[in-house]
Protein chains: 2
Amino acid sequence: MEKSVVPKATLGRLPLYLRYLRSLPEDTKYVSATSVAKALDLGEVLVRKDLGAISGQGRPKVGYTAEGLIASLEHFLGFDNRTPAVLVGAGRLGRALLEYDEFEDYGVRIVAAFDCDERRIGPGPGVEIYPVERLESFCKENGVRIGIITVGASSAQQVCDQMVKSGIGAIWNFAPCALRVPKGVLLKRETLALSLAHLNHQLCNPSL
Amino acid sequence: MEKSVVPKATLGRLPLYLRYLRSLPEDTKYVSATSVAKALDLGEVLVRKDLGAISGQGRPKVGYTAEGLIASLEHFLGFDNRTPAVLVGAGRLGRALLEYDEFEDYGVRIVAAFDCDERRIGPGPGVEIYPVERLESFCKENGVRIGIITVGASSAQQVCDQMVKSGIGAIWNFAPCALRVPKGVLLKRETLALSLAHLNHQLCNPSL
């Protein structure tokens, strides 16, 4: 089945399905959307739709082969070809992200980190931390396509420009500022505070 | 104007508006949605709708008084009464969040952090880090309403239960696992990897 773009919410559930399927006994032949839904406490219609989107319809009354569904999920999530990413800014947040082991479950592998502070250069959590001067050559040599910005707001645009120059096609920005990128480069700003604000907003307006 | 629940995207723009309005010369009397939209490179219809939702309609041809609009935004974002929050798990991610100074812009104040590792107890970034045994009494004494979980998956449910017992009404979970809370307690799971996955998905499917 061809890959298609799925909604973010669906994408978020795929690693759950994969984790569940991998946890099944090795001799499990078939799984149904019903059993997956039940095990994960999700709606059956929802699971059926999600699995249909990435693996087509299961066989009536039987469902999917466990092996086939795992392969579809892995392929869809890009496990057979994880996108190489770099991170610039190895402060607390940067290092916390380097330690975060969920990214590989979503088809992305952080292959190196960079910092302008020489005290931070050296082995980091999981990857090597290089001087930021090496960013461009590293990205070009390693075909890096995703850049994660965890520097402060004052140097974020400069880092962003360097990433674009290095051939990076998608930027995930944690710096608390808006960035400008040329057309064709994807940019996603992560505003952590926003989730908290939304939770607070719901908490303070319980009637709605 | 009464507070109402606004979409998350609107909520995310409010601090931008506030920052812009505060940056204006002190003798600025009036601002219009048009000028705000232009300054922030946003659509005029969008800005008009956002401002209308939190501060009613501006006066025709004049717009809003700068002072009044700032007051509306601050009130809406809860600046006059920030919700007290605590964080449990003062590892790298926890400390990165404590350092993150955007939360106050969204009406939440982290007032203390807790950890079970005694080497982490003491002054932390911005707040004191206490032994986790003190969580319940601290929350009750200080009317804490939001709990942030930045411990590992293995102890997250236990921390969550303690938070609920401490009277916390909303939980923001960074641990990579699903949590169960009683009815009436808000729960938001933060899956950082998901944003990255979505970006990667778009990058790998440029035609869609």
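The values are calculated or read from the model by the stated rules, or taken from the named source; none is laboratory data. A quick note: this is a predicted structure, and the numbers were derived from the prediction, not measured. Counting neighbours? That spans all protein chains shown, and the Cβs are built from the backbone with ideal geometry, glycine included. Just so you know, the surface numbers come from the protein's heavy atoms only, side chains and all, with ligands and any DNA or RNA stripped out. Shrake-Rupley method; radii C 1.70, N 1.55, O 1.52, S 1.80 Å.
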*Which chain A residue hugs the A-B rotation axis most tightly by its Cβ, and what is that distance in angstrom, to the nearest whole number?*
A:96, 2
*Can you list the lysines whose alpha carbon sits under 30 Å from that of residue A:29, skipping same-chain ones fewer than 8 residues off?*
A:3, A:8, A:38, A:49, A:61
*Where the accessible area of the range B:1-62 is counted over protein heavy atoms with a 1.4 Å probe, how much of it, in %, is carbon and sulfur?*
55 percent
*Tell me, what is the per residue accessible area of the range A:20-71 in Å², probe radius 1.4 Å?*
64 Å²
*Roughly how crowded by other chains is peptide A:184-196, in terms of the mean Cβ count from those chains within 10 Å of each of its Cβ atoms?*
6
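Counting only helical runs of four or more DSSP H residues, what would the 222 nm mean residue ellipticity of chain A come to if each run contributes -39,500 (n - 2.57) and the total is spread over all its residues? Show your work: numbers first, answer last.
Values: 8 runs with 89 residues, N = 208.
Result for chain A: -13000 deg cm²/dmol, rounded to the nearest 500.
Taking beta carbons within 10 Å but only from partner chains, what does the mean come to for residues B:92-98? It would help to have the intermediate numbers written out before the result.
On the way: counts 11, 7, 2, 4, 10, 6, 1.
If you average over the peptide's residues, the count of other-chain Cβ atoms is 6.
Take peptide A:100-113, look around each residue's Cβ out to 10 angstrom, count Cβ atoms belonging to other protein chains, and average those counts. Don't skip to the end; give the middle numbers.
Working: counts 7, 2, 7, 5, 1, 4, 11, 6, 7, 0, 1, 0, 0, 0.
Mean partner-chain Cβ count within 10 Å for A:100-113: 4.
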*Rounded if a/c is under 1.5, else prolate if a/b is larger than b/c, else oblate: which is the protein assembly as shown, with a ≥ b ≥ c the root eigenvalues of its Cα gyration tensor?*
rounded
*Dividing the Cα convex hull volume of the range A:1-132 by residue count, how many Å³ per residue is that?*
123 Å³
*For label points placed 7 Å from Cα toward Cβ, what is the shortest-first list of nm distances from residue A:137 to its copies?*
5.9
*Dipole magnitude (debye, nearest 20) for the range B:40-189, charges at Cβ of Lys, Arg, Asp, Glu*: 560 debye
*asked:* Using a 1.4 Å probe on the protein heavy atoms only, what accessible surface does residue A:70 show? Give it in Å² to the nearest 10.
replied: 40 Å²
*Place a +1 charge on the Cβ of each Lys and Arg in the protein assembly as shown and a -1 charge on the Cβ of each Asp and Glu, then give the dipole magnitude about the Cα centre in debye, rounded to the nearest 20.*
1180 debye
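Give the whole-number value, in cubic angstrom per residue, of the convex hull volume spanned by the C-alpha atoms of the range B:84-196.
Numbers: hull volume 11.8 nm³, N = 113.
It is 104 Å³ per residue.
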_Suppose you put the label 7 Å out from Cα in the Cβ direction; list, shortest first and in nm with one decimal, how far residue B:8 is from each other copy's label._
0.6
_residue B:165 accessible area, assembled protein chains, probe 1.4 Å, Å²_ = 140 Å²
*May I ask you to report, in nm to one decimal and beginning with the shortest, the distances from residue A:45 to the same position in the other copies, taking label points 7 Å along Cα-to-Cβ?*
3.1
_Going by Cα centres, the range B:121-167 and the range B:1-78 are how many Å apart?_
35 Å
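Tell me the relative contact order for the range B:1-160 as a rounded percent, counting alpha carbon contacts under 8 Å between residues six or more apart. If you can, show how the numbers build up before the last one.
Numbers: 204 pairs, mean separation 31.6, N = 160.
RCO, the range B:1-160: 20 percent.
In what sequence, largest accessible area first, do A:93, B:40, B:97 appear using a 1.4 Å probe? Provide the component values of the computation, followed by the final result.
Values: A:93 30, B:40 50, B:97 0 Å².
From most accessible down to least: B:40, A:93, B:97.
Out of the DSSP beta bridges found with both residues in the protein assembly as shown, what percent are antiparallel (nearest 5)? If you can, show how the numbers build up before the last one.
Working: 10 of 52 bridges.
Given both bridge residues lie in the protein assembly as shown, the antiparallel proportion sits at roughly 20 percent.
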*Work out the charge dipole of the range A:106-208 with +1 on the Cβ of Lys and Arg and -1 on the Cβ of Asp and Glu about the Cα centre, then indicate which of A:152, A:142, A:201 is farthest towards its positive end.*
A:201
*Residue-level accessible surface for residue B:32, protein heavy atoms, 1.4 Å, Å²*: 40 Å²
*Within the range A:59-208, what percent of beta bridges assigned by DSSP are antiparallel, to the nearest 5?*
10 percent
*What order do you get for A:191-199, B:180-188, B:44-52, A:84-92 when each peptide is scored by the mean count of other beta carbon atoms within 10 Å, highest first?*
A:84-92, A:191-199, B:44-52, B:180-188
*asked:* List the residues, sorted by chain then number, that are 5 or more residues from residue B:189 or on another chain and whose placed amide H is less than 5 Å from its amide H.
replied: B:173
*Buried accessible area for the A:B pair, summed, 1.4 Å probe, in Å² rounded to 100?*
5200 Å²
*Return the percentage of antiparallel bridges among DSSP beta bridges fully within the range A:95-180, rounded to the nearest 5 %.*
20 percent
